[in-house]
Structures are given as C-alpha cells and as structure tokens.
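The values are calculated or read from the model by the stated rules, or taken from the named source; none is laboratory data. Keep in mind the model is a prediction, meaning the values are calculated, not measured. Reconstructed Cβ throughout: ideal geometry from the backbone, glycine too, with neighbour counts over all protein chains shown. For accessibility, only protein heavy atoms count, side chains too; no ligands or nucleic acids. Shrake-Rupley method; radii C 1.70, N 1.55, O 1.52, S 1.80 Å.
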Amino acid sequence: MAQPIRVLVAKVGLDGHDRGARVVARTLRDAGMDVIYSGLHRTPEEVVNAAVQEDVDVLGVSLLSGVQMTVFPKIFKLLDEKGVKDMIVVAGGVMPDEDAAALKQMGVHEVMLQDTPPAAIVATLTRLVNERGER
Amino acid sequence: MRDTVDRNVLDPSAVEAVREQERDWEANEVAQFLAKQAERKESFLTLGDFPVKRTYTAADLADTPIDDIGLPGRYPFTRGPYPTMYRSRNWTMRQIAGFGTGEDTNKRFKFLIAQGQTGISTDFDMPTLMGYDSDHPMSEGEVGREGVAIDTLADMEALFEDIDLEKISVSMTINPSAWILLAMYIVLAQQRGYDLNKLSGTIQADILKEYMAQKEYVFPIDPSVRIVRDCITYCAKNMKRYNPINISGYHISEAGSSPLQEAAFALANLIVYVEEVLKTGMQVDEFAPRLAFFFVGQADFFEEIAKFRALRRCYAKIMRERFGAKNPESMRLRFHCQTAAASLTKPQYMVNVMRTTLQALAAVLGGCQSLHTNGYDEAFAIPTEDAMRLALRTQQVIAEESNVTQTTDPLGGSYYVESLTTQYEKRIFDILEDVDARGGTIKLIKEGWFQQQIADFAYETALRKQSGEKALIGVNIMVDDTPDPKIETHAYDQTTADRQIARTQRVRRERDPAKFEELMAQLLEVAKDDSQNIMPITIELVRAGATMGDIIESLKTLWGTYRETPVY
Amino acid sequence: MASVSTYVPSLELVERIANGEISAIARMISRAEAGMPEAREALAEIYQRAGRAHVIGLTGVPGSGKSTMVSALAARLRATGSKVGIVAVDPSSPYSGGSILGDRIRMTDLSQDAGVYIRSMATRGNMGGMARATMDAVDILDVGGFETIIIETVGVGQDEVEIAKAADTTVVVSAPGLGDEIQAIKAGMLEIADVHVVSKCDRSDAHRTLTDLKQMLTLGVKGGKKSEWRVPVVGISSFDGTGFDELMKALEGHRAVALHSEMGRQRRVAIAGFRLTKTAENLLMERFARACAPLTLDFAQRLHRHEGDPYSLAGELVAASFGKE
C-alpha cells in the first residue's frame, strides 16, 4: 500500500482568514492524504517545528495578510538550521505577482493563489512528491 | 394603522384564477417551446440554493400578508427603514481605508473626502485588530500593512487630525480590541471639546461572528461578550448617536457561508447581545435604536435584494415579538453594505469593476444606509488610490445618474423578489428556531456548529467553481490567455514599523508610571467584577498613556485566551 | 531534487536518533509507518536499545479533553526534567483513507519546547485505535532520549482496548456533560484503566461524574484484579491546573509498580507477546496479500458462478497462497 502524502497546512501570522486553508485540508484528506492543520496565528518557528517533527512531505503555508516576504525567508532559514533539505514548501492565499515570483526564487516550489481548483492542488502536490522521490 | 388580521394581495379566488392561468401557460406556450428547445439547465438555483421558478406570478404572493410587505418606514420595514429613503438623502458613501501610521491614513481619508466620500471607515492592521502593540514579536512584518496601526491615543490623534468628528461619521472595523479604540476616540473627542452626544459612527465590536467566521478573537467567549455588553450600555447612556456595534453577516459570508446562513447567523448573534444587555436591567428601547448591521452584497442580484428586505422584516419581528420593543426605532434595521471581496478575481481584474457595480446596485435597491464598493485590485493587495476613486465613482454613478434613487424600494411588488423575501424570512426563522432548540448560539459556537455549516458551504462553493457549475469569468469561463495589463499595487512602506514603534515607545516613556500602575490595577478589579462596566477605566487608561497591548496583555492573565477546535 | 543524493540509509539514522536529532527521529518514524524493508534492520537495532521509557497510554471518548490534558501533563513532566514524546493517533477517513490530524492544535503551548516531540499518526484502517507503527515510534523516541512517552488514542468503542496491551500505564479520561455520565463504561474502557481521570473539573457537573466513577469502581467490577495497585480516580482541570499534582503522583506510583513488581513484569511480557503477535499478523497479511493477488480474481469468478461456497474457496485460497512461498 502506497504511503499517503503527509501535508502540514499552516496559517502563519495574525490573519484569521482560514476559509482557503480549511477547504484545502478537506480536499487533501478526501484525496487520501494525511493532513495536519496548524490552527491559527502560528509563528514560523512553531510551523517549522511541527513540520519537522511530523516529517511532512509538504509544508503548505496560507497567508492573506501580506506578510509573505517576512515569513518565508524565516521558514527557509529555520529549515536550513534543522538540516532539512527535502521538504516541499508551497504557498497559498492572496499576494501580488511580484511576491509570488520572488517566493519561487527563494525556493517555494509552487504558489497557489485564490481560486486554484481543489483538484489542481491535489495534482500539484502529488507531482511534487513524485518528483522528489523516495526519502 | 396596521391591521392584525393577515390579508393578502389577492383574494383566494383571484389566486386560483392566476394559478389556473399558470397551468394553462405551462401546458401550452411553455410546453411548445420546450419541445423545440430545452432550457439551459434542469433546475435553476440562486447562489444560496433557493430554487428559482420559470416565472413568478401574483399567486406566488399568496402566503405573504400585505402587512408584511407594507410601506417604507413602517413596521415591519420590509421596504426600507425610512419613509423617504434616498429621496431625502443618499446612502453614506463610506470607503474603508487604512494603512501605515495614523498620518498615512489621515492623508487617504482627506483624499477620499475630497473625492466626495461622505463617511469615514477605518481599517486597522492585524496587530491592532488582535490587540498587539506594534513592537510585540507577533507584530513583525504586519505593522501598518493591511490597515492602520494604532497603539496609543497619540496614534488616534494623528489619524483624525483636521477632520471634524462632529460633522462626519466614523466607522471603525475592529472587534476584540474595539472597546479600547472606542475609549481612545472618546478621549480624543473630549480633548477637542466635542459633545459626545453629537458623535456619530460605529465600532464593529461583533465578537460572536469572529468565533464563527473571521477568527479575530483574543479572550474566551464569556468575557468577550461582556465587553460588547459594556460598549452597548455605555454608549446608550453617553453617546446618543453612536452605534456601539455593527452586527455583521459580511465576514460570515466571506468565510464561505450562503446568503441565508449570513442573514440567520447574524440575527442569532443579535439575540445574544440583546439578551446580555437586558440582563443588566436596561430596557430594550433604551439601546436597540442604536444597534446597526453590516452585510455583504453578493453576486446573485435579486437574491441579495430579497435578503436585505427579509432581514429588515425578521429584525422588526424579533425586536417587537421576542423582546417586546415598543419604539419603532428599535425595530428598524439599518445596515452598512460592502460588496463581496471574495467574489473578485486576479485574472482579468478590470472585470471586478462590473461585479462590484452590480453588487452595489443590489445593495442600493435593497435599501442600504451606507456602502463600501471594493477596489478592482483587491485580489492583489490593499487598494490603490486609483482603484478607490473608481470604486467611489461607481457609487456616485448609481446615486447621481441612474435615477434608481427616485422611488423607494422600486422592486417592492415584484412577484419574484417578494416571494423570495418571504422564503428568506421563513428559512431565517427556521434556523433561529433550530438554534434555540439546540441550546443557543454560544453553546453552538463552542461545538463548532455554525463553523461546520460555513465550512460545508465553502467547500461546496470551491467544488462548484471547479466544475464550472458556478461560473466565474476569467477563472472557469471566458479564460483569456492575453496577459492582463500590468497592475500597480499599493506598496508597503518599509519605514512604517520604525515610525510607529518610535511613537509607541515615546508614549510609554512619557507617561506617569505611578498613575499608570494604579489604573492598571483598577482595570483588573473591574474586569473581575462582571457587574461593572469596563469602559470608564479603559478611558482613564488610554488618557494616561496606556497602550492597547498593555490593556490586552494584562486582561489575558485574568481571562486567558480563546483557542478554537477547527472543523473542516 | 535528486532523490538518490538526499536519501540517508536507515542504519545511518540510528546514531543520529540516539543523539536526539529530531529530523532523524521524524524520518525514521515515517519509514516505520511506510513499512519500508530497508528500515527493518535499523528498527531491529533500535528495539535492542529501547526499553527505558515510561510508556503511558491515554484514551477517552472524543470531547473528553484528552489533548488539552496531554498538553498540560507534558508541561508538568517537563518541569521534572523529563523529555516527553507524544504520539497522537487519530482515525483515518474510511472513505478516502486520508485524515485530518488535529491534536497538535490543542498542544500549542508545547510547540516551542525542544524537549517535547509530538507526532500525529493516522490509524489507516488498523483496528484497535492504534496505528501500525505506533510501537515503532515509541521505540524510536525511547532511543532518542524521551523518558516519558504518551500514546494518545481516541476511544470510541470496544476496539480501543489495544492501548492497554501496549502501554506500561493506561489512563482513561472521562468528562462531565457528554451525555452518558461515565463514557468509559459504555465504551468498555472501565477495566483497562490503571488510572482514571475526570477532566474539566472546573465545571459544576464534574462532581457527579467523579462520584459515579468512584462508586462504580468500589462496586468492584473485577475489583480483585490488580491487587498490587488500587486504581485511583483523579479529577483534573486543564484550565486551572487542579489535580495535576495528584495525577503526577498516581502516574509515578504506577510506574514503580509497572517497573518493579511481579505484576509489572507479567504485564511487560504480555505487552511483548501482543507486539509479537501483531507484528506476525502484519507479516502474514503482507505475505498473503502478495501471494493471493494473482489468484483472487479467478477464485471470485468461481464463487460468483456458485462453483463452491465462500468457506471452502477461502480455505483453498489460503492453502494455495501459502503453498507458493
């Protein structure tokens, strides 16, 4: 039996807009994945700790408060400090195109914004995990 | 005067005659047409899943008493809260604004006023909304980003510099920390020598919908509701024209609910607040006239109009029948409307102007008292000046050019709209009855009952967008690969946090520490005693240089914080 | 993303686990969950080194406040200097096989403490409330230096008693106001408890749950079973901290019994026996699944055509499958 993909769906920062994050959590569960939801108002440190302890395949961070350029550099720094090299990091929410491009430069594997169809999110995560291979 | 006997628009024989006509029409004209070409869909539904008939006739008004339709400005206010509505005065054009420091937002306010805006609406940054000072570690990166940063009275002074608060009404979109902002506003008004009874405006302060939907909360539910109660009773006694609460369906909708859930859940929250205030011994007519509401203007045009009309009717009945209100002022629902931010798209973003126009028109035909129209760029970042100007112009076109304002409730009597209004009313009361039967709103919030229903409709909506069942131009139909013109988005000023923190720290340095400590100790004493009102001590604290964070952090030691059990 | 270059062989992880390296512990648990053959040798090595930790099994019906209590308990254990590992097991969706694992959310007070490790696991169709790799995870955490390991499972019915066959100390949590006064009885969990906890004792209706439970126990439902240990009933409140001193004492007391008494020794043998049987069952199931896969369709068609009955054909299928190995 293939191992379900493990995903941490995380809300970082102070914004409470969790509609998207919870729709994504439910979509991924219904696609057979194991989803850990961080709950609201988490810090980058808390999220990275959880992602490492849970050894998730994918860390998905949802943001609608515009703090992406503060949060993601921290996440990558923390992952680096913990010696984690193979975690797939994706972003979701609302942000300007320039920021989305900058995040991809920084190492975010995929940026999936508002109105990304649920099936597309499942397909993207599945593809990214397959590309990564066994770990 | 209102007759207590239910009378309908048509007498029973006329209803039967109309039904007979309908059956005949279905059997002949409709059947012949369908034989040639089927309709586009098997069944037609509103955005909120109400079935829509092929057409509506007078027979569809058979179960709507004419007194429920009534006249504008008369119970049950279905057709409008006031008899003359926009013939006397247009709705307040109230574009929300807020970013950076008080000074930065003050400039935007003045720009909007110069463009013809008639009310002010303030958006706060996330730390302010959540009760953190700008120099708290949780605030990093968020200071002044999504709204204006307010930590102290000094920030409030900068925010409203050179704006006459007796002349313009000010709305503050804030919840768990709202009472502190209200205290700052009061102190500012006192410093300027204003008469508190002349100030008009509102704080949102609708904490229950935060647990249901928007998730901006600090304290557990009980102390949070007590604070709301204190705001309402304080304002009833000291600020006769001020709305101490804006009971909001908007955020319930943005979190993914149906329009019906939006309406019913907001009224469920209303009931809790009224009950809490009544427990203090205050009479319903002493405070109910200042209760105000905030709803979204969604995409389904007629459904939204019916929703607004039904809300007014339900509110009037609840206040009169459930709470025994006597004063008609206590029964007329007044609401602010904002067009639906969640309906806006990034692709082909200029189409957002059209979406917003239709939503705004529905709000006006539904009889709103004030309106915010979204900027076309809100799926990118907070709006630019250009986007805000166009949004304001949209309202001005409706008000000045379209002539829809010349008669009140122009859709009154529409078979479809009246029928949908009555269906909404019935379903809203069904839900409220269900809530009562299950043990009440607060219990159900703790159990995640509302949250689950909102989540279910949100999930359903996502699937419908994916399947194309819910059309979205540029996203699932009319997708155009031509790149959109480059959009200028509002740029965040990186110096904001430093400027803001400098002022907050200066205020802390300059205040009298002994006085501050003494007042903080008093705050905890007041907070421990549920029978006291928290407003007076808060007013003294902000006057003495307390920051919002000082007050919130101190109360956290007493009350703890709320943590939700999420549902999916 | 070259997978070959980043793959660290499991045996290499063992030393890193022994050094308490979190990412190595986490990865090893993933491999145990996946049942990777490559990891078996390393897991064997880990089992050899394990056996020091106090393993506490904690179960209760949904809504009994388990996770919040685990969070508060872990904080107490941390204060004594013990590193705490938590394995929170939640059921998988029977429809998709996926899951949403939500227990971490109620443990956010621990999220910044390097001495606490929390791992969420889905049951993935495994009966008995435990996940297949739960005990492997316990061993890995044990070797990783976690002195107390709490396994949290959702108790919903008779099946959940597996936890009692895996932990040194079993704690059953009940809460007031969930309808049935004592859910533990209904769920068949009364007898498995070494310690009973009634949570939410800041509520006025908790007293009744406490008395009912105590009465039930003195009525002697199998009262003579645990002569060296008298099962205590502890009322706690995770909200105001009530009862945690008593709970800590009860756990410490039972730990001494579990480690040093004859009853404890027998229990440990029983735990080992259960582990062995479960592992053997899993091996058997894997072998059977592999071997019967090519035969199943043919057998199903024969059954469909009524060329045999389910019992005889199943017997034949089993015989044929194992004949092949």
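Is it fair to say B:L411 is open to solvent by 10 Å² or more (accessible area, probe 1.4 Å) and assigned to a helix (DSSP H, G or I)?
On the way: open to solvent by 10 Å² or more (accessible area, probe 1.4 Å): yes; assigned to a helix (DSSP H, G or I): no.
Considered against the rule, which asks whether it is open to solvent by 10 Å² or more (accessible area, probe 1.4 Å) and assigned to a helix (DSSP H, G or I), B:L411 comes out as no.
Please indicate, with yes or no, whether at least one residue in the stretch B:491-504 is closer than 30 Å to B:G102 by Cβ, modelled with pLDDT under 95 and surrounded by 14 or more Cβ atoms within 10 Å (Cβ to Cβ).
Among the residues of the stretch B:491-504, at least one is closer than 30 Å to B:G102 by Cβ, modelled with pLDDT under 95 and surrounded by 14 or more Cβ atoms within 10 Å (Cβ to Cβ), which makes the answer yes.
Contact list please: Cβ distance under 8 Å, first residue in the stretch A:24-49 and at the interface with another protein chain (Cβ under 7 Å from one of its Cβ atoms) and in contact (Cβ under 8 Å) with a residue 40 or more places away in the chain, second residue open to solvent by less than 10 Å² (accessible area, probe 1.4 Å) and part of a helix (DSSP H, G or I), pairs at least six apart or on different chains.
Listed pairs, sorted by first residue: A:L28/A:L125; A:M33/A:L125.
If C:S23 passes every condition in (1) of a type in the set (S, T, Y); (2) within 14 Å of chain A (Cβ to nearest Cβ); (3) within 18 Å of the chain's Cα centre (by Cα) but one, which one does it miss?
Here C:S23 clears every test but (3).
Of the residues B:K209, B:K167, B:K215, B:K198, which is in contact with a strand residue (DSSP E or B) (Cβ under 7 Å, 6 or more places away or on another chain) and among the basic types (K, R)? Even if it seems obvious, please write down each step before you answer.
Values: B:K167 fails: in contact with a strand residue (DSSP E or B) (Cβ under 7 Å, 6 or more places away or on another chain); B:K215 fails: in contact with a strand residue (DSSP E or B) (Cβ under 7 Å, 6 or more places away or on another chain); B:K198 fails: in contact with a strand residue (DSSP E or B) (Cβ under 7 Å, 6 or more places away or on another chain).
Testing whether each residue is in contact with a strand residue (DSSP E or B) (Cβ under 7 Å, 6 or more places away or on another chain) and among the basic types (K, R) leaves just B:K209.
Need the failing condition index for C:S321 against (1) out of contact with any Cys (no Cβ under 6 Å at 6 or more places or on another chain); (2) under 26 Å from C:P37 (Cα atoms); (3) surrounded by 11 or more Cβ atoms within 10 Å (Cβ to Cβ), just the number.
Of the numbered conditions (1) out of contact with any Cys (no Cβ under 6 Å at 6 or more places or on another chain); (2) under 26 Å from C:P37 (Cα atoms); (3) surrounded by 11 or more Cβ atoms within 10 Å (Cβ to Cβ), the odd one out for C:S321 is (1).
Considering each residue of the stretch C:22-57, count those that are within 19 Å of C:I150 (Cβ to Cβ) and of a type in the set (G, A, S), and give that number.
Going through the stretch C:22-57 one residue at a time, the tally reaches 6.
Residue check, B:E517 against (1) within 14 Å of chain A (Cβ to nearest Cβ); (2) surrounded by fewer than 14 Cβ atoms within 10 Å (Cβ to Cβ), all met but one. Which one?
(1)
Does B:I247 satisfy the condition of being outside any loop (DSSP other than H, G, I, E, B), open to solvent by less than 10 Å² (accessible area, probe 1.4 Å), touching a strand residue (DSSP E or B) at 6+ places or on another chain (Cβ under 9 Å) and among the aliphatic types (A, V, I, L, M)?
Details: outside any loop (DSSP other than H, G, I, E, B): yes; open to solvent by less than 10 Å² (accessible area, probe 1.4 Å): yes; touching a strand residue (DSSP E or B) at 6+ places or on another chain (Cβ under 9 Å): yes; among the aliphatic types (A, V, I, L, M): yes.
When the stated conditions are applied, B:I247 passes them.
How many residues are away from every other protein chain (no Cβ under 14 Å) and either assigned to a helix (DSSP H, G or I) or polar (S, T, N, Q) (or both) when one looks only at the stretch B:321-353? First the steps, then the outcome.
Looking only at the stretch B:321-353, we keep the residues that are away from every other protein chain (no Cβ under 14 Å), and these are B:321-339, B:350, B:353.
After this cut, where a residue has to be either assigned to a helix (DSSP H, G or I) or polar (S, T, N, Q) (or both) as well, the list is B:321-322, B:327-330, B:338-339, B:353.
So the answer is 9.
Does at least one position in the stretch B:535-551 carry a residue that is within 14 Å of chain A (Cβ to nearest Cβ) and among the β-branched types (V, I, T)? Steps first, answer last, please.
First, the residues of the stretch B:535-551 that are within 14 Å of chain A (Cβ to nearest Cβ): B:548-549.
Next, from what is left, pick out any that are among the β-branched types (V, I, T): none.
Checking the stretch B:535-551: not a single residue is within 14 Å of chain A (Cβ to nearest Cβ) and among the β-branched types (V, I, T).
Any idea which of B:S253, B:S257, B:S177 is within 14 Å of another protein chain (Cβ to nearest Cβ), over 16 Å from the mean Cα position of the chain (by Cα) and among the small types (G, A, S)? Before you say what the answer is, go through the steps one by one.
Details: B:S253 fails: over 16 Å from the mean Cα position of the chain (by Cα); B:S257 fails: over 16 Å from the mean Cα position of the chain (by Cα).
Every option except B:S177 fails the conditions.
I'd like to know if the stretch B:183-203 contains one or more residues that are charged (D, E, K, R) and surrounded by 24 or more Cβ atoms within 10 Å (Cβ to Cβ). Break it down stepwise before answering.
First, pick out the residues of the stretch B:183-203 that are charged (D, E, K, R): B:192, B:195, B:198.
Remaining after also requiring surrounded by 24 or more Cβ atoms within 10 Å (Cβ to Cβ): none.
No, the stretch B:183-203 has no match at all.
Just for the stretch B:136-162: of the residues that are assigned to a loop (DSSP other than H, G, I, E, B) and open to solvent by 10 Å² or more (accessible area, probe 1.4 Å), which one is farthest from the other protein chains (Cβ to nearest Cβ)?
Here is the first cut: in the stretch B:136-162, the ones assigned to a loop (DSSP other than H, G, I, E, B) are B:136, B:140-147, B:149-152, B:160-162.
Still in the running and open to solvent by 10 Å² or more (accessible area, probe 1.4 Å): B:136, B:140-141, B:145-146, B:161-162.
On the way: B:H136: 10, B:E140: 6, B:G141: 3, B:R145: 5, B:E146: 6, B:E161: 26, B:D162: 29 Å.
Looking at residues that are assigned to a loop (DSSP other than H, G, I, E, B) and open to solvent by 10 Å² or more (accessible area, probe 1.4 Å), I get B:D162.
Residue under question is C:S111, and the condition is that it be modelled with pLDDT under 90, within 8 Å of chain A (Cβ to nearest Cβ) and touching a helix residue (DSSP H, G or I) at 6+ places or on another chain (Cβ under 8 Å); does it hold?
Working: modelled with pLDDT under 90: yes; within 8 Å of chain A (Cβ to nearest Cβ): yes; touching a helix residue (DSSP H, G or I) at 6+ places or on another chain (Cβ under 8 Å): yes.
It is true that C:S111 is modelled with pLDDT under 90, within 8 Å of chain A (Cβ to nearest Cβ) and touching a helix residue (DSSP H, G or I) at 6+ places or on another chain (Cβ under 8 Å).
Which members of the stretch A:88-99 meet the condition of being at the interface with another protein chain (Cβ under 10 Å from one of its Cβ atoms) and either modelled with pLDDT of 90 or more or open to solvent by 10 Å² or more (accessible area, probe 1.4 Å) (or both)?
First pass over the stretch A:88-99, keeping only residues at the interface with another protein chain (Cβ under 10 Å from one of its Cβ atoms): A:88, A:94-99.
Selection gives A:I88, A:V94, A:P96, A:D97, A:E98, A:D99.
Got a number for residues in the stretch C:289-305 being surrounded by 10 or more Cβ atoms within 10 Å (Cβ to Cβ) and among the basic types (K, R)? Please lay out each step first, then the result.
We begin by selecting, within the stretch C:289-305, every residue surrounded by 10 or more Cβ atoms within 10 Å (Cβ to Cβ); these are C:289-296, C:298-303.
Imposing the further condition that a residue be among the basic types (K, R) reduces the set to C:290, C:302.
Here the count works out to 2.
Could you please give the count of residues in the stretch B:506-544 that are closer than 26 Å to B:P244 by Cα, acidic (D, E) and part of a helix (DSSP H, G or I)?
So the answer is 2.
Which condition number does A:M69 fail, the rest of (1) farther than 30 Å from C:R16 by Cα; (2) out of contact with any Asp or Glu (no Cβ under 7 Å at 6 or more places or on another chain) being met?
Here A:M69 meets the rest and fails (2).
Looking at (1) surrounded by fewer than 23 Cβ atoms within 10 Å (Cβ to Cβ); (2) within 14 Å of another protein chain (Cβ to nearest Cβ), which one does B:G100 not meet, given that it meets all the others?
Failed condition: (1).
Could you tell me which residue of the stretch C:114-145 is nearest to the other protein chains (Cβ to nearest Cβ), considering only residues that are crowded, with 22+ Cβ neighbours inside 10 Å and more than 16 Å from the chain's Cα centre (by Cα)?
Selected residue: C:V116.
Could you tell me which numbered condition C:E45 fails, if it satisfies all but one of (1) at pLDDT below 95; (2) more than 20 Å from the chain's Cα centre (by Cα)?
Result: C:E45 fails condition (1) only.
Quick check on this structure: which one of A:L59, A:L63 is open to solvent by less than 10 Å² (accessible area, probe 1.4 Å), within 13 Å of chain B (Cβ to nearest Cβ) and farther than 18 Å from C:Y7 by Cα? Spell out how you get there, then give the answer.
Values: A:L59 fails: within 13 Å of chain B (Cβ to nearest Cβ).
Residue meeting the stated conditions: A:L63.
Across the stretch B:372-389, which residue is farthest from the other protein chains (Cβ to nearest Cβ) among those that are within 22 Å of the chain's Cα centre (by Cα) and part of a helix (DSSP H, G or I)?
Within the stretch B:372-389, the match that is farthest from the other protein chains (Cβ to nearest Cβ) is B:R389.
Being surrounded by 15 or more Cβ atoms within 10 Å (Cβ to Cβ) and part of a loop (DSSP other than H, G, I, E, B): is that true of B:Y86 here? Break it down stepwise before answering.
Values: surrounded by 15 or more Cβ atoms within 10 Å (Cβ to Cβ): yes; part of a loop (DSSP other than H, G, I, E, B): no.
So B:Y86 does not fit the description; no.
Taking only the stretch C:234-261 into account, find how many residues are open to solvent by 90 Å² or more (accessible area, probe 1.4 Å) and farther than 23 Å from C:H207 by Cβ.
Within the stretch C:234-261, residues that are open to solvent by 90 Å² or more (accessible area, probe 1.4 Å) and farther than 23 Å from C:H207 by Cβ number 2.
Name the residue, out of B:I227, B:I318, that is more than 18 Å from the chain's Cα centre (by Cα), modelled with pLDDT of 95 or more, farther than 30 Å from B:T421 by Cα and away from chain A (no Cβ under 14 Å). Lay out the reasoning, then the answer.
Working: B:I318 fails: farther than 30 Å from B:T421 by Cα.
Answer to the check: B:I227.
Any chance the stretch C:94-105 includes a residue that's under 15 Å from the mean Cα position of the chain (by Cα), at positive phi and not β-branched (V, I, T)?
So far as the stretch C:94-105 goes, no, none of its residues is under 15 Å from the mean Cα position of the chain (by Cα), at positive phi and not β-branched (V, I, T).
Need pairs with beta-carbon distance below 9 Å; first residue assigned to a helix (DSSP H, G or I) and within the stretch B:10-26, second surrounded by fewer than 15 Cβ atoms within 10 Å (Cβ to Cβ) and not aromatic (F, W, Y); sequence gap 6+ or separate chains.
B:E22/B:T55; B:W25/B:T55; B:E26/B:R54
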